[in-house]
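Q: Sharing a structure with you now.
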Amino acid sequence: MNLSRRTLLASAAATPLLTGTGVALGTGEAAASPARLRTALDYALAKLGAVAPGIISFPEITRAEKWTYVADGGWVGGFWPGTLWLAHLDSGDARFRALAEAANDRLAPRRLDPRDHDLGFLFSPSWVTAYRLTGDAKWRDGAVEAANTLTKRWNAAGRFIRAWGAIGTPGNAGRVIIDTMMNLDLLAFATEQTGDSRFLDIAIAHARTTRTHFLRADGSTPHVFDFDPDTGAPVGQNTVQGYSPTSCWARGQAWGIYGFTTMYRRTGLNEFRDTARKMADFALDALTPDHVPVWDYRSPLGANDVKDSSAGAIMACGLLDLAKATGTDRYRDRALRILDGLVATCLTTRSTRAEAVLARGTRNRPAEDGVEVSLPYGDYYLFEAILRVLKPAQVAKAIGL
Ligand code: GLY
């Protein structure tokens, strides 16, 4: 039998780690018992405890199950310290805190670096969480500086934050991406800390622009929407990481569900809650029976295409928050099912080589760059989602729920 590497990895990851008594859900199925999630988190802590002391850079993606790194953090540099902070939160282990602080410190130069929009990805799980957990003003002040850097990418004509490309350069000047919804909470934090409404005003305006132009009638979204950078006139939908301009890239949809729910929580504006709801309803209808997202909900291969476990972990976090925001148990039930699917079929438990926790991620399928890999945001949001279920009060403190 000639098994592809993808098949081998998927089957290695698919062996269930866990047993336990499930929480009874509406359909009578059982999903995501606290014991099952606890066992998964213990596995994650053990893996992190073994791997983290040897890591002095920022994990970006696995190659043959080992982390490869991006020295300045790229767009992912917040997730490594973020995961360590959550590990410290759960375990109380001072070694995780020391490693988290050291990783935070390595990110410092990026707070003044306006080269792209990723400042929220970089500084929310790392410096904002560090401030919320320790009260050390150094982290707060740096996060506010990062928020200020992000505002430099504001395009007043189009009322959006530019995603990519150096300020003042023409390439990608009018390009907005759904991912930016995740960077807005850094602006909300800056307003909360400084009292200067300018930050949150930009976040609200960007979210409104995204809602107006990305949200389709069926609740799906494109990865990209282009504008004329000078006039702000809309040009049209597009994609880089999704299957096509009219498809729905699963991780982008998850960023939107999480990001719009967060914006609702920060502002109380119902338009953001309703947008998150529509996006969630679309994604939940599109999920395959194993509850793990295919990388694009409109891939022509449908359920037979590769998965993106990171989209599942991000969406689970967003749905748990949306359940609270809307008072709708269904979103929590579906989040628990997604977590069950991830724990049952995506953990690295059967691999002796693996350095990450969550397998079966997809970074960029159109570019065939990172398929059946582990991703630091997959691990981070898995930690966050499980802790949202097991230790909601502690997570609320860490990420300001
Ligand atoms: N924000 C880039 C990605 O999700 O791949």
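The values are calculated or read from the model by the stated rules, or taken from the named source; none is laboratory data. Treat the numbers as computed from the prediction; the structure is a model and nothing was measured. With ideal geometry, Cβ positions are generated from the backbone for all residues, glycine too; neighbour counts draw on all protein chains shown. Keep in mind that these areas ignore ligands, DNA and RNA; they rest on the heavy atoms of the full protein, side chains included. Shrake-Rupley method; radii C 1.70, N 1.55, O 1.52, S 1.80 Å.
Q: Hey, rough spin-label estimate for K138 and L401, points 7 angstrom out along Cα→Cβ, what's it come to in nanometres?
A: 2.9
Q: Would you mind working out the magnitude of the charge dipole of segment 77-231 relative to its Cα centre, with +1 at each Lys and Arg C-beta and -1 at each Asp and Glu C-beta, to the nearest 20 Debye?
A: That gives a dipole near 120 debye.
Q: Using +1 on the beta carbon of Lys and Arg, -1 on that of Asp and Glu, and nothing else charged, what's the dipole of segment 248-401 about the Cα centre, debye to 20?
A: 460
Q: Now, a different point. Which one of P53, G92, G73 has its Cα pushed farthest toward the positive end of the charge dipole of segment 47-131, where Lys and Arg give +1 and Asp and Glu give -1 at the Cβ?
A: Going by the Cα projections, it comes out as P53.
Q: Which order do you get for K278, K47 if you rank them by accessible area with a 1.4 Å probe, largest at the top?
A: K278, K47
Q: Can you sort H213, H117 by 1.4 Å-probe accessible area, starting with the largest?
A: H213, H117
Q: Give the separation of the Cα centroids, segment 257-275 to segment 363-401, in Å.
A: Result: 19 Å between the Cα centres.
Q: Helix by helix, which DSSP H runs in the chain go 18 Å or more along their axis at the Cα atoms and have an average Kyte-Doolittle hydropathy of 0.0 or more?
A: Those that clear 18 Å and a mean of 0.0 are 34-51, 309-326, 376-390.
Q: Additional query: Starting from the Kirkwood Rh over alpha-carbon pairs, what translational D in µm² s⁻¹ does the chain have by Stokes-Einstein at 25 °C and 0.890 mPa s?
A: Diffusion coefficient, whole number: 118 µm²/s.
Q: If ligands, DNA and RNA are left out, what is the accessible area of L48 with a 1.4 Å probe, given in Å² to the nearest 10?
A: Probe radius 1.4 Å; accessible area of L48 about 10 Å².
Q: Still on this structure, please answer the following. With only Lys, Arg, Asp and Glu charged, each at its Cβ (+1 for the first two, -1 for the last two), find how big the charge dipole of the chain is about the Cα centre; round to the nearest 20 debye.
A: 340
Q: Projected onto the charge dipole of segment 266-401 (+1 at Lys/Arg Cβ, -1 at Asp/Glu Cβ, origin at the Cα centre), which of A283, L387, C317 gives the Cα projection farthest towards the positive end?
A: L387
Q: Next up: Tell me the Kirkwood radius of segment 145-237: reciprocal of the mean inverse pair distance over distinct alpha-carbon atoms, in Å.
A: One decimal place: 13.4 Å for the Kirkwood radius.
Q: Per-residue counts of other Cβ atoms within 10 Å, averaged by peptide: what ranking do you get for 308-315, 282-289, highest first?
A: Packing proxy ranking, top to bottom: 308-315, 282-289.
Q: Now, a different point. How large a share of the accessible area of segment 121-191, in percent, is made up of carbon and sulfur atoms when the probe is 1.4 Å and the other protein chains stay in place?
A: 50
Q: Say each of A393 and S91 gets a label point 7 Å from the Cα, pointing the same way as Cα to Cβ; how far apart are those two points in nm?
A: According to this spin-label approximation, the distance is 2.4 nm.
Q: OK, next. What area, in nm² and to one decimal, does the C-alpha convex hull of segment 240-375 cast on average over all directions?
A: Its average projected convex-hull area is 8.4 nm².
Q: Keeping every protein chain present and rolling a 1.4 Å probe, give me the accessible area per residue for segment 198-244 in Å².
A: Here the residues of segment 198-244 average 41 Å² of exposed surface.
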